[in-house]
Amino acid sequence: MRNNLAGAYQDTGDLEKALPLLEQTLTDRRDVLGADHPDTLTSGNNLASAYPDAGRLDEAIDLYKQTLSDRERFLGANHPHTLSARNNLATAYQAAGRLDEALSLFKQNLADTQRLLGSNHPNTLLFGMNLASTYEAAGRLDEALVQWQQTLAAAYRAAGREEDAATLEREDPSSQEDSGDTGNTEDTEGLDSPEPAGT
């Protein structure tokens, strides 16, 4: 219940009350449940998600790194919560202006989710959007445009709008450069729902 109360405080912007509760929850769960328990891992993620709002982005990055490492070790690299942790760390890197690190993690997540869940899965679409926006932030506009087009085409396909998806794929400059054909591309994205920050 302490975790839920902390989340409610965080949602209302009262970080002075939220942070001590989140920190205590993480400490208690490590002591009682152990570092590898799913609830402990979730508590680490929740605390990390509150730190940026308090201006503590470096601490958020450190805790997201630890959470990702723990989830990879205890849940495996392909577990949905691991992929969410990687997405959260990449998002923190982006916020800190560490765009090369963010791009690397977003690319890895996108490739993994495509392989595991397919190009049209909601998480794949989310991770595709994150990658595209990070390309934009890095000034890599051609790559951003291609990623936005691919993500939108996959979203159209997921909604049953094949004709719109095909139109976008014909306009995709990367497919024309690579294959010289009419623009048919192979999807390379997809995974499971990211854990919302603060859960």
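The values are calculated or read from the model by the stated rules, or taken from the named source; none is laboratory data. Computed from a predicted structure; not experimentally measured. Neighbour counts run over all protein chains shown; Cβ positions are idealised from the backbone, glycine included. Note: accessible area is taken over every heavy atom of the protein model, side chains too, but ligands, DNA and RNA are not part of it. Shrake-Rupley method; radii C 1.70, N 1.55, O 1.52, S 1.80 Å.
Summary of values
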| quantity | calculated |
| --- | --- |
| Stokes-Einstein diffusion coefficient of the stretch 28-111, Kirkwood radius over Cα pairs, 10 °C, 1.306 mPa s, in µm²/s | 124 |
| Expected-Rg normalisation [2.2 N^0.38 Å, Cα atoms] applied to the chain | 1.13 |
| Extended-chain gain in nm, criterion 0.36 nm per residue less alpha-carbon gap, residue 98 and residue 78 | 4.8 nm |
| Cα-centre dipole for the chain with unit charges at Cβ (Lys and Arg positive, Asp and Glu negative), debye to 20 | 620 |
| MRE, 222 nm, helices only [DSSP H, n ≥ 4, -39500 (n - 2.57), over the chain, to nearest 500] | -24000 deg cm²/dmol |
| For the stretch 24-61 versus the stretch 1-20, the gap between their alpha-carbon centres in whole angstrom | 13 |
| Prolate/oblate/rounded call for the stretch 1-77, Cα gyration tensor, a/c under 1.5 rounded | oblate |
| Cβ-based charge dipole, the chain, positive-most Cα from 137, 3, 75 | 3 |
| Nonlocal amide H pairs with residue 51, under 5 Å, H built at 1.01 Å | none |
| Fraction of accessible area attributable to carbon and sulfur, the stretch 1-143 (%, probe 1.4 Å) | 49 |
| For the chain, accessible area per residue (1.4 Å probe, heavy atoms of protein chains only), Å² | 49 |
| Nonlocal amide H pairs with residue 119, under 5 Å, H built at 1.01 Å | 189 |
| Among 70, 112, 100, residue whose mean-square fluctuation peaks in a GNM of the chain (springs only between Cα atoms under 10 Å) | 100 |
| Nearest-20 debye value, the stretch 73-151 charge dipole, Cβ charges on Lys, Arg, Asp, Glu | 260 |
| Residue 16-residue 66 pseudo-label distance in nm [points 7 Å out on the Cα-to-Cβ vector] | 2.6 |
| Protection-proxy order for peptides 87-94, 114-121, 32-39, each taking the mean of Cβ atoms within 10 Å per residue, highest first | 87-94, 114-121, 32-39 |
